[in-house]
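Visitor: I am attaching a structure below and will ask some questions about it afterwards.
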Amino acid sequence: MPFVHENELLEHARRKGYAVPAFFPFNFEFIAPIVEAAEEERAPVILMQGPEFVKSFGEHVFTQAMLTAAHYAKVPVTLSVDHAFVTDDKAIPNATRDLALGWNSVMLDGSLLPYEQNVSMTREMAVIAHNAGAACVGALGEVRRFFPQAQNYAGAFEETFVVPPEIMTDPDQAAEFAAETGVDTLAVSVGQYVRSLWDGELPPFKRTGRLDFARLDAILERTGGVNLALHGSSHVVEEDLRECVNHGVNYIKVASEQALIWANEVRRLVTADKNVMFPEDIQKPALAAVKESVRRYIRLFNASNQV
């Protein structure tokens, strides 16, 4: 199927009342089960990865693998580069590099920076992306990240954590930010958080994040036609994920769960079967589990049968 612009997918999702899922291939083999699940569910999908991983996987080869998967998919697929672990003076040059490689959406997350710096950097990124014919995602409001590589890391996750309202996205400021930066999509903080992949948690996840729907409604009302993205969904209560599409969210990222499912299944197999050797055989159960996780989220976001 022809490569599809991210804005086109998101506009369709807004009109039809669903959220486009964005999934992260954590190695080359992840790509196939993500696309297969989307095809079987007749759902559009965003293939996404962070700039650090794009580079470490081999930026040219990995990008071409993603582009090839999108081209031959039977459903609409687009490619988006997620935000960096740390937003610094390398963030815009790195995202610009990825646009030149062929990705057609980039995210700059300046939500942990002073507001004016966030506006300035995001506006610059949006101009570069739009000049390249690509989309730009910005972020406002802190999504607390409990992994050591994260910007402003302040310690490990505690079970009692609840997202404080003061770090969430302010609806009035969101309207100002969207207008000043020209972003196509705004990633918001409305009650979600991101746990570390390294803190020992095993599936099934304990979901404690609750979304502030009144805040979402106010953000949607004040920002007009800007797409709304939810990043940090793996620990949000499932009923809230299902409901958020009714409050303007048309773009939801999923990463942590599939990475942990894969790792857990690989460990289980190599522990149980000391004779397993070929990489294909080692990964097969893990990739099957990833595929079913992808399918579950597609259905949760009401994205099935939208193609």
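Visitor: With the requirement that a residue be surrounded by fewer than 19 Cβ atoms within 10 Å (Cβ to Cβ), of a type outside the set (S, T, N, Q) and touching a Leu at 6+ places or on another chain (Cβ under 7 Å), what does region 262-307 give you?
Guide: Result: V276, I282, P285.
Visitor: Hey, A259 hits all of (1) in contact (Cβ under 8 Å) with a residue 60 or more places away in the chain; (2) of a type in the set (A, V, I, L, M, F, W, C); (3) out of contact with any Leu (no Cβ under 6 Å at 6 or more places or on another chain); (4) over 29 Å from E180 (Cβ atoms) but one; which does it fall short on?
Guide: In the conditions (1) in contact (Cβ under 8 Å) with a residue 60 or more places away in the chain; (2) of a type in the set (A, V, I, L, M, F, W, C); (3) out of contact with any Leu (no Cβ under 6 Å at 6 or more places or on another chain); (4) over 29 Å from E180 (Cβ atoms), A259 misses (3) alone.
Visitor: Moving on. Return yes when S120 is touching an Asp or Glu at 6+ places or on another chain (Cβ under 7 Å) and either modelled with pLDDT of 95 or more or in a loop (DSSP other than H, G, I, E, B) (or both) and no when it is not.
Guide: Numbers: touching an Asp or Glu at 6+ places or on another chain (Cβ under 7 Å): no; either modelled with pLDDT of 95 or more or in a loop (DSSP other than H, G, I, E, B) (or both): yes.
So S120 fails the test.
Visitor: Is there a residue in region 111-121 that is among the polar types (S, T, N, Q), surrounded by fewer than 21 Cβ atoms within 10 Å (Cβ to Cβ), more than 14 Å from M48 (Cα to Cα) and without any contact (Cβ under 8 Å) to a residue 24 or more places away in the chain?
Guide: At the first step, the residues of region 111-121 found to be among the polar types (S, T, N, Q) are 111, 117-118, 120.
Applying the additional criterion that residues be surrounded by fewer than 21 Cβ atoms within 10 Å (Cβ to Cβ) yields 117, 120.
Next, from what is left, pick out any that are more than 14 Å from M48 (Cα to Cα): 117, 120.
Adding the requirement that they be without any contact (Cβ under 8 Å) to a residue 24 or more places away in the chain leaves 117, 120.
Yes, there is a match, as at least one residue in region 111-121 is among the polar types (S, T, N, Q), surrounded by fewer than 21 Cβ atoms within 10 Å (Cβ to Cβ), more than 14 Å from M48 (Cα to Cα) and without any contact (Cβ under 8 Å) to a residue 24 or more places away in the chain.
Visitor: Moving on. Answer yes or no as to whether S234 is over 23 Å from F85 (Cβ atoms), crowded, with 16+ Cβ neighbours inside 10 Å and hydroxyl-bearing (S, T, Y). Show your work before the answer.
Guide: Working: over 23 Å from F85 (Cβ atoms): no; crowded, with 16+ Cβ neighbours inside 10 Å: yes; hydroxyl-bearing (S, T, Y): yes.
No.
Visitor: With D240, D217 as the choices, which residue is out of contact with any Ser or Thr (no Cβ under 9 Å at 6 or more places or on another chain), crowded, with 20+ Cβ neighbours inside 10 Å and either of a type outside the set (S, T, N, Q) or more than 26 Å from A289 (Cα to Cα) (or both)? Quick ask: steps written out before the conclusion?
Guide: Numbers: D217 fails: crowded, with 20+ Cβ neighbours inside 10 Å.
Just a single option satisfies the conditions, and that option is D240.
Conditions tested, residue by residue: (1) under 17 Å from N104 (Cβ atoms); (2) at pLDDT 95 or above; (3) surrounded by fewer than 22 Cβ atoms within 10 Å (Cβ to Cβ).
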{"residue": "F3", "(1), (2), (3)": "yes, no, yes"}
{"residue": "Y18", "(1), (2), (3)": "no, yes, no"}
{"residue": "P25", "(1), (2), (3)": "yes, yes, no"}
{"residue": "F30", "(1), (2), (3)": "no, yes, no"}
{"residue": "E36", "(1), (2), (3)": "no, yes, yes"}
{"residue": "E40", "(1), (2), (3)": "no, yes, yes"}
{"residue": "A43", "(1), (2), (3)": "no, yes, no"}
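Visitor: Also: If you go through region 239-253 one residue at a time, how many are part of a strand (DSSP E or B) and without any contact (Cβ under 8 Å) to a residue 40 or more places away in the chain?
Guide: Here is the first cut: in region 239-253, the residues part of a strand (DSSP E or B) are 249-253.
From the residues that got through so far, the ones that are without any contact (Cβ under 8 Å) to a residue 40 or more places away in the chain too are none.
Selection size over region 239-253: 0.
The values are calculated or read from the model by the stated rules, or taken from the named source; none is laboratory data. Not measured: the values here are computed from a predicted model. When we count neighbours, we look across all protein chains shown, and the Cβ atoms used for this are built from the backbone with ideal geometry, even at glycine.
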